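Take this structure first; my questions come after.
The values are calculated or read from the model by the stated rules, or taken from the named source; none is laboratory data. Model, not experiment: these values are computed from the prediction. Reconstructed Cβ throughout: ideal geometry from the backbone, glycine too, with neighbour counts over all protein chains shown. When the accessible area is computed, the model is the full protein with side chains, heavy atoms only, and any ligands, DNA or RNA have been set aside. Shrake-Rupley method; radii C 1.70, N 1.55, O 1.52, S 1.80 Å.
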Amino acid sequence: MRCKLVAGNWKMNGMGQSLGQAEEVAKFASGQDAELLICPPFTLISRMHDLLQGTGVFVGGQDCHANASGPNTGDISAEMLADSGATHVIIGHSERRQHHDETDSQVRTKVAAAWRAGLVAIVCIGESESMRASGRTLEVVKEQISGSVPHGAASGSTVVAYEPIWSIGTGKTPSHSEIAEVHDFVRSELVKIAGKESGNEIRIIYGGSVNPKNAAEIFSIQSVDGALVGGASLQAADFLLIANCAAS
Ligand code: PEP
């Protein structure tokens, strides 16, 4: 049984006063069957970690540099994230792939850096609207997995987030069967990379316009092991409604 993971990606949102939302999530976290994670901007990680310590809600980063330290102005290493209290890091989000030209091989190197620092890497993959329209979804996803997920991936170190780019922040979601098709395919590719046992244990979560209204249906898909939630994770009430759907 893979425990569901509900992860909030705050993106470039959140000031000190937003920590109250994380505290609110923590208040209701103890009754949850699902694992909860909040990935705030770098500036809030340390303070959020202090607030959430012992509550069962984890804190994560949204990206990391491949190196542990060095002359990389503005970058943050996986070791620095761990030092700030993070346990997870999102890597290869489509916004980084699109706006920062991150390639599969860079993502792969960052995943290895996350492992080196003892962090769980949440590796994002997903097709664009035109790729789906031209019937290339599985081909693209296959290429992204083999390029981005290093050998040695295991459930304690790696989560894969399937996030169709056209679904992020748009309110549009794939159908039940489209999500199931991709998740089943990702599972078969993970088994090839990580072997049968580890490949079957790694969680595959769905991301793209998950909200309190559609979460129950998305979580009812047998191959969905949780969600990566953007916009709807900014308000504790919505995030908790989504988390409740994962638990039931
Ligand atoms: C995301 O950016 O990871 C995401 C899933 O965003 P949203 O939920 O807002 O579509």
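Restricting attention to the stretch 165-181, does a residue exist that is assigned to a helix (DSSP H, G or I), of a type in the set (Gly, Ala, Ser) and under 30 Å from residue 18 (Cβ atoms)?
Checked against the condition, which is being assigned to a helix (DSSP H, G or I), of a type in the set (Gly, Ala, Ser) and under 30 Å from residue 18 (Cβ atoms), the stretch 165-181 yields at least one hit.
Okay, moving on. Is it the case that residue 208 is under 18 Å from the mean Cα position of the chain (by Cα), open to solvent by 30 Å² or more (accessible area, probe 1.4 Å), within 27 Å of residue 41 (Cα to Cα) and in contact (Cβ under 8 Å) with a residue 40 or more places away in the chain?
no
I need the full set of residues from the stretch 118-148 which are assigned to a loop (DSSP other than H, G, I, E, B), out of contact with any Leu (no Cβ under 7 Å at 6 or more places or on another chain) and in contact (Cβ under 8 Å) with a residue 24 or more places away in the chain, in order please.
If the condition is that a residue be assigned to a loop (DSSP other than H, G, I, E, B), out of contact with any Leu (no Cβ under 7 Å at 6 or more places or on another chain) and in contact (Cβ under 8 Å) with a residue 24 or more places away in the chain, then 118, 126, 127, 128 are the ones that fit.
On the basis of being open to solvent by less than 60 Å² (accessible area, probe 1.4 Å), in contact with a strand residue (DSSP E or B) (Cβ under 8 Å, 6 or more places away or on another chain) and of a type in the set (A, V, I, L, M), does residue 161 make the cut?
Considered against the rule, which asks whether it is open to solvent by less than 60 Å² (accessible area, probe 1.4 Å), in contact with a strand residue (DSSP E or B) (Cβ under 8 Å, 6 or more places away or on another chain) and of a type in the set (A, V, I, L, M), residue 161 comes out as yes.
On to the next question. From the set of residues in the stretch 39-55 that are open to solvent by less than 50 Å² (accessible area, probe 1.4 Å) and hydrophobic (A, V, I, L, M, F, W, C), which is nearest to the ligand (Cβ to nearest atom)?
For the stretch 39-55, the residue satisfying everything is 39.
Go through the residues of the stretch 180-191 one by one and say whether even a single one is free of Cβ contacts under 8 Å to residues at least 40 places away in the same chain, open to solvent by 30 Å² or more (accessible area, probe 1.4 Å) and under 19 Å from residue 95 (Cβ atoms).
No: the stretch 180-191 contains no residue that is free of Cβ contacts under 8 Å to residues at least 40 places away in the same chain, open to solvent by 30 Å² or more (accessible area, probe 1.4 Å) and under 19 Å from residue 95 (Cβ atoms).
Cβ-Cβ distance below 9 Å, separation of 6 or more or different chains: which pairs start in the stretch 56-75 with a residue that is open to solvent by 40 Å² or more (accessible area, probe 1.4 Å) and in a loop (DSSP other than H, G, I, E, B) and end on one that is modelled with pLDDT under 95 and not aliphatic (A, V, I, L, M)?
Sorted first by the residue in the stretch 56-75, then by its partner, the pairs are 56/30; 56/32.
Let me ask another. Of the residues 243, 237, 232, which is open to solvent by less than 10 Å² (accessible area, probe 1.4 Å), of a type in the set (A, V, I, L, M, F, W, C), within 16 Å of the ligand (Cβ to nearest atom) and in contact (Cβ under 8 Å) with a residue 12 or more places away in the chain?
243
Any chance the stretch 104-117 includes a residue that's surrounded by fewer than 23 Cβ atoms within 10 Å (Cβ to Cβ), in contact (Cβ under 8 Å) with a residue 12 or more places away in the chain and within 16 Å of the ligand (Cβ to nearest atom)?
Scanning the stretch 104-117, I find no residue that is surrounded by fewer than 23 Cβ atoms within 10 Å (Cβ to Cβ), in contact (Cβ under 8 Å) with a residue 12 or more places away in the chain and within 16 Å of the ligand (Cβ to nearest atom), so the answer is no.
So in the stretch 76-103, with the set limited to residues that are among the charged types (D, E, K, R) and assigned to a loop (DSSP other than H, G, I, E, B), which one is most open to solvent (accessible area, probe 1.4 Å)?
101
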